[in-house]
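One structure is given below, encoded as structure tokens.
The values are calculated or read from the model by the stated rules, or taken from the named source; none is laboratory data. If you're wondering where the values come from, they're calculated on a predicted model, not measured in any experiment. No Cβ is skipped: glycine too gets one built from the backbone with ideal geometry, and neighbour counts run over all protein chains shown. In case anyone asks, the SASA skips ligands and DNA or RNA and just uses the protein heavy atoms, side chains included. Shrake-Rupley method; radii C 1.70, N 1.55, O 1.52, S 1.80 Å.
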Amino acid sequence: MSSAGATPRLDDALPLTVVLVRHGVTSLTEAGVGSGSDVPGPALSPHGRIQAAQAADAVFRIGRAPRAGARSSGGMRGGGLWPDLRRPTALVASPAVRAQETAAAVGRRLGLHVTTDDRFAEFRFGKWEGRTVEEVEQDWPGDLERWRSTGTFAPPDGESYAQLGARVWDGLSDLLAGGVDRTVVVVGHAGQIRTAVGQALGAPASHWSRLRIPPASLSVLRLWADGTTEVTAVGVPTDG
């Protein structure tokens, strides 16, 4: 068994590590307005650009040994993070502007080119796009809670958690097929990351909305070819 607390195995099979990075905030994030994949924008706000740089610094420290006197693996200041993991060698992002801008910051820090995969886009909110929680509740009473609690209910012209999860897992499966014993960074969105973590935990879609994924946070999964999964971290802030 690994002293690093990794999932114990009876063989020497190696996993793919996936670092899921949520984008920094936008003007709509700060205003509490739904922003899905039906539209490409908005861009990061000034604070969001700062968050993207902080997330990039945190990702850069993954797989590096901690410096003497630095915080342990859970802390964002100081030296390395999760030193038992491979350093990132590939970078993928949602097509949304805010994710592309965050990924660009990560790419500059790591010296990696950003590739785009539509499967890691945020929910399609359909007719809820650009609306606040209060506005959705006013026009579709009870449907927002139904969407969150069932995992299978979809907004008008939009996607359910289960539908989003299917395309996100398809994208992760292709990354796994591309090789193990490596770390890939995927820059995306709160909903998209919830579905990835929820499926790695084996939780039903009705539970995925319970996961808290702050802006510019890191979540880490490890995936094996035989279907074994490990959730290493969820929603770790990078601005501390």
*Provide a single number: the residues in segment 213-240 that are farther than 23 Å from G178 by Cα and within 11 Å of the chain's Cα centre (by Cα).*
8
*Sort out which residues of segment 216-237 are of a type outside the set (A, V, I, L, M, F, W, C) and either part of a strand (DSSP E or B) or open to solvent by 10 Å² or more (accessible area, probe 1.4 Å) (or both), and write them in order of number.*
S219, R222, D226, G227, T228, T229, E230, T232, G235, P237
_Qualifying residue in segment 105-126 (condition: open to solvent by less than 40 Å² (accessible area, probe 1.4 Å), at pLDDT 95 or above, among the small types (G, A, S) and touching a strand residue (DSSP E or B) at 6+ places or on another chain (Cβ under 8 Å))_ = yes
*Considering only residues that are surrounded by fewer than 14 Cβ atoms within 10 Å (Cβ to Cβ) and in a helix (DSSP H, G or I), look in segment 22-51 and name the one that is modelled with the highest pLDDT.*
P46
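Yes/no per residue for (1) buried (at least 20 other Cβ atoms within 10 Å of the Cβ); (2) in contact with a Gly (Cβ under 8 Å, 6 or more places away or on another chain); (3) in contact (Cβ under 8 Å) with a residue 24 or more places away in the chain; (4) not small (G, A, S):
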site: V180; (1), (2), (3), (4): no, no, yes, yes
site: H189; (1), (2), (3), (4): yes, no, yes, yes
site: Q192; (1), (2), (3), (4): yes, no, yes, yes
site: V197; (1), (2), (3), (4): yes, no, yes, yes
site: A203; (1), (2), (3), (4): no, no, no, no
site: S206; (1), (2), (3), (4): no, yes, yes, no
site: P214; (1), (2), (3), (4): no, yes, yes, yes
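Identify the residue in segment 7-18 that is part of a strand (DSSP E or B) and touching a Phe, Trp or Tyr at 6+ places or on another chain (Cβ under 9 Å) and, among all such residues, is surrounded by the most Cβ atoms within 10 Å (Cβ to Cβ).
The extreme case among them is T17.
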_Quick test of your reading of the structure: G142 fulfils all but one of (1) closer than 25 Å to G178 by Cβ; (2) free of Cβ contacts under 8 Å to residues at least 24 places away in the same chain. Name the failing condition by number._
(1)
